[in-house]
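Note sheet for the following structure.
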Amino acid sequence: GDSVTQMEGPVTLSEEAFLTINCTYTATGYPSLFWYVQYPGEGLQLLLKATKADDKGSNKGFEATYRKETTSFHLEKGSVQVSDSAVYFCALSEKLIFGTGTRLQVFP
Amino acid sequence: NAGVMQNPRHLVRRRGQEARLRCSPMKGHSHVYWYRQLPEEGLKFMVYLQKENIIDESGMPKERFSAEFPKEGPSILRIQQVVRGDSAAYFCASSPTEGKFEQYFGPGTRLTVT
């Protein structure tokens, strides 16, 4: 069946460091791909999405490119901030299938 | 436009009691999804509903759990005879239609079974 695999956390970075969180998927057809972010004690918020191969989703300095050839949707940010500390979930449509989440901790 | 609303935000039940969790989707959204998040884990799909219909309940435990989305009013996730293992955060999400559209999540209901 469809599945999503994320890199394990926590990821610990200093402010202004470069961030990559890996996500690969297994799916039939051409799913949409999403990154959601969950801040402590809150629900999930959509961070970015891509609906077809080679699409690049971007928001708040985060980017991810839908790579069909490598079945990947890695999340990147050039310069993280302390306020980016949260848990990040990669997900696959249509019935959202989530990865296990990657906790990001950014220190000043 | 108000977001997805869930209540209560926190719910404490003793073993054997019933828990009722409510979800009001965003205005104009007719599709509701329920997810469960166990401590330190990702979200697991439970059930997908449209108004008055259960579309996919493949993630629901076979016993004690039920969900509805009536023509009027919020969607309800009901857990009968709760056990300690039901303690989790339950999230509701809604979307305007099915398929490749993003889902919008509520803040969740944190259920604690004592």
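A compact table of results
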| item | result |
| --- | --- |
| Fraction of alpha-carbon pairs over 18 Å apart in chain A - percent | 43 |
| Percentage, to the nearest whole number, of Cα pairs in segment B:1-109 over 19 Å apart | 39 |
| Extreme residue, positive dipole direction of chain B, given options B:ASN53, B:GLY85, B:VAL113 (C-beta unit charges) | B:VAL113 |
| For chain B, the longest site-free run once trypsin sites (Lys or Arg not before Pro) in DSSP loop states with at most 15 other Cβ atoms within 10 Å are removed | B:72-114 |
| Cβ-Cβ FRET estimate between B:SER58 and B:THR97, R0 fixed at 25 Å, reported to 0.05 | 0.80 |
| Dipole magnitude (debye, nearest 20) for segment B:6-69, charges at Cβ of Lys, Arg, Asp, Glu | 340 |
| Relative counts (whole %) of C-alpha pair distances in segment A:25-68, using bins that are 10 Å wide | 27, 47, 23, 3 |
| GluC sites (Glu not before Pro) restricted to segment B:58-90 and DSSP loop, no more than 14 other C-beta within 10 Å | B:GLU63, B:GLU72 |
| For the protein assembly as shown, Kirkwood radius (reciprocal of mean inverse C-alpha pair distance, Å) | 18.0 |
| Hits among lysines - C-alpha to C-alpha of B:LYS51 under 27 Å, sequence gap 8 or more where chains match | A:LYS49, A:LYS95, B:LYS27, B:LYS62, B:LYS71, B:LYS100 |
| Per-pair calculated FRET efficiency, R0 = 30 Å: B:ARG110 and A:PHE18 via Cβ, rounded to 0.05 | 0.30 |
| Loop-resident sites, segment B:24-58, for GluC sites (Glu not before Pro), counting at most 13 other Cβ within 10 Å (DSSP) | B:GLU40, B:GLU41, B:GLU52 |
| DSSP-defined antiparallel bridges as percent of all bridges, chain A, nearest 5 | 90 |
| Relative contact order (%) - criterion: Cα under 8 Å, at least six apart; region: chain B | 37 |
| Theoretical gain in end-to-end length, A:LYS56 to A:GLN81 [0.36 nm per residue, Cα-Cα removed] | 6.8 nm |
| Net charge of neighbours whose Cβ lies under 15 Å from the Cβ of A:SER85, counting Lys and Arg as +1 and Asp and Glu as -1 | -1 |
| Sites matching GluC sites (Glu not before Pro) across segment A:1-107 that sit in DSSP coil, with at most 16 neighbouring C-beta atoms within 10 Å | A:GLU8, A:GLU15, A:GLU16, A:GLU42, A:GLU69 |
| Check: segment A:5-108 dipole with +1 on Lys, Arg Cβ and -1 on Asp, Glu Cβ, in debye | 260 |
| Longest segment of chain A lacking trypsin sites (Lys or Arg not before Pro) that sit in a DSSP loop with at most 13 other Cβ atoms within 10 Å | A:1-51 |
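All of the numbers you see were taken from the coordinates with simple rules; none came from a lab. Just so it is clear, the model here is predicted, and its values are computed rather than measured. Ideal geometry is used to build each Cβ from the backbone, glycine not excepted, and the neighbour counts take in all protein chains shown.
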